[in-house]
Amino acid sequence: MKSKLSLVLLFIFVTSMSVFAETYTSKYVGEEYRKIKSLSPDDVEELTKGGGWGLAKAAELNGIPGPAHILEMEDKINLTDEQKKKIQKIYNEMTGEAIALGKQLIRLEMELNIGFSNRNINQELLENYVREIEKVRAKLRIVHLSTHLQTPNILTNKQIILYNKLRGYSNDPCQNIPEGHNVEMWKKHNGCK
């Protein structure tokens with residue numbers, strides 16, 4: 001009887017300790033090994049190549065096409081040579097600016113990271129870094145969103161509708177299941193019948 005009671009108490013102790021350990025475990029575990037703690041390797045890659053980094057969602061998810069995706073589906077939305085030339089031009093300009101700003105953002109995040117790592121950052125430096133980082137991030141977002149503003153003047157309404165359909169956006173997600181998605185799971189996640 002004594003050994004059973006001891007086993008039960010030991011089990012309760014061990015399970016309660018594991019619950020406490022899990023409670024305090026950070027969702028950032030593993031990120032402490034990153035070179036720049038605030039940016040994942042994918043973030044750095046996206047910023048270095050001038051990628052969108054999700055900064056143009058306000059335009060994209062409201063039906064205003066982005067040049068990178070337009071070029072990816074040029075055949076499916078029937079771009080004319082003239083349209084392709086115009087889209088390629090704004091894409092190239094955007095990418096050039098975005099690469100420069102992305103590298104600047106990476107550099108600033110690295111400097112902030114080093115300040116914390118070396119324990120030589122103070123309130124004034126912190127505020128300066130964060131202001132500079134956010135200023136660059138804002139410029140980068142404007143660069144991406146601005147290109148979306150230009151595309152409706154180049155595309156026809158029919159092409160914009162087709163673009164949004166091909167991207168999987170519609171007023172009724174049950175009627176427009178994006179290519180490559182599991183139909184059953186898509187319908188389940190979108191509350192379709």
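The values are calculated or read from the model by the stated rules, or taken from the named source; none is laboratory data. Predicted, not measured: the structure shown is a model, and the values here were computed from it. When we count neighbours, we look across all protein chains shown, and the Cβ atoms used for this are built from the backbone with ideal geometry, even at glycine. We work out accessible area using only protein heavy atoms, side chains counted, and drop any ligands, DNA or RNA first. Shrake-Rupley method; radii C 1.70, N 1.55, O 1.52, S 1.80 Å.
Give me a count of the residues in segment 45-57 that are assigned to a helix (DSSP H, G or I), open to solvent by 40 Å² or more (accessible area, probe 1.4 Å) and under 18 Å from ILE99 (Cα atoms). Walk me through how you get there before you give the answer.
Filtering segment 45-57 down to residues assigned to a helix (DSSP H, G or I) leaves 45-48, 57.
Retained after the next criterion (residues that are open to solvent by 40 Å² or more (accessible area, probe 1.4 Å)): 45-46, 48, 57.
Subset that is under 18 Å from ILE99 (Cα atoms): 45-46, 48.
Residues flagged as assigned to a helix (DSSP H, G or I), open to solvent by 40 Å² or more (accessible area, probe 1.4 Å) and under 18 Å from ILE99 (Cα atoms) within segment 45-57 amount to 3.
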Selection within segment 142-159 - more than 19 Å from LYS103 (Cα to Cα) and in a helix (DSSP H, G or I)
SER146, THR147, HIS148, LEU149, GLN150, THR151, PRO152, ASN153, ASN157, LYS158, GLN159
Odd one out for ASN120 among (1) open to solvent by less than 70 Å² (accessible area, probe 1.4 Å); (2) part of a loop (DSSP other than H, G, I, E, B)
(1)
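Listed here are the residues, each with its yes/no results for (1) within 18 Å of the chain's Cα centre (by Cα); (2) under 20 Å from ARG131 (Cβ atoms); (3) among the hydroxyl-bearing types (Ser, Thr, Tyr); (4) at pLDDT below 95.
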residue	(1), (2), (3), (4)
VAL44	yes, no, no, no
LEU47	yes, yes, no, no
LEU61	yes, no, no, yes
PRO67	yes, no, no, no
LYS89	no, no, no, no
MET94	yes, no, no, no
SER117	no, no, yes, no
Looking at (1) over 21 Å from MET73 (Cα atoms); (2) of a type outside the set (A, V, I, L, M, F, W, C); (3) open to solvent by 60 Å² or more (accessible area, probe 1.4 Å), which is the one condition that is false for GLU179?
(1)
The residue from LYS139, LYS188, LYS165, LYS135 that alone is out of contact with any Ser or Thr (no Cβ under 9 Å at 6 or more places or on another chain), open to solvent by 100 Å² or more (accessible area, probe 1.4 Å), closer than 20 Å to ASN78 by Cβ and not in a loop (DSSP other than H, G, I, E, B) is LYS165
Any residue that is part of a helix (DSSP H, G or I), at pLDDT 95 or above and polar (S, T, N, Q) - is there at least one of those in segment 25-42?
no
Considering only segment 100-115, state which residues are out of contact with any Asp or Glu (no Cβ under 6 Å at 6 or more places or on another chain), touching a residue at least 12 places away in the same chain (Cβ under 8 Å) and either open to solvent by 50 Å² or more (accessible area, probe 1.4 Å) or under 19 Å from ARG34 (Cα atoms) (or both).
GLY102, LYS103, GLN104, LEU105, ILE106, GLU109, MET110, GLU111, LEU112, ASN113, GLY115
Matching residues in segment 58-93 - criterion: being among the hydroxyl-bearing types (Ser, Thr, Tyr) and assigned to a helix (DSSP H, G or I)
TYR91
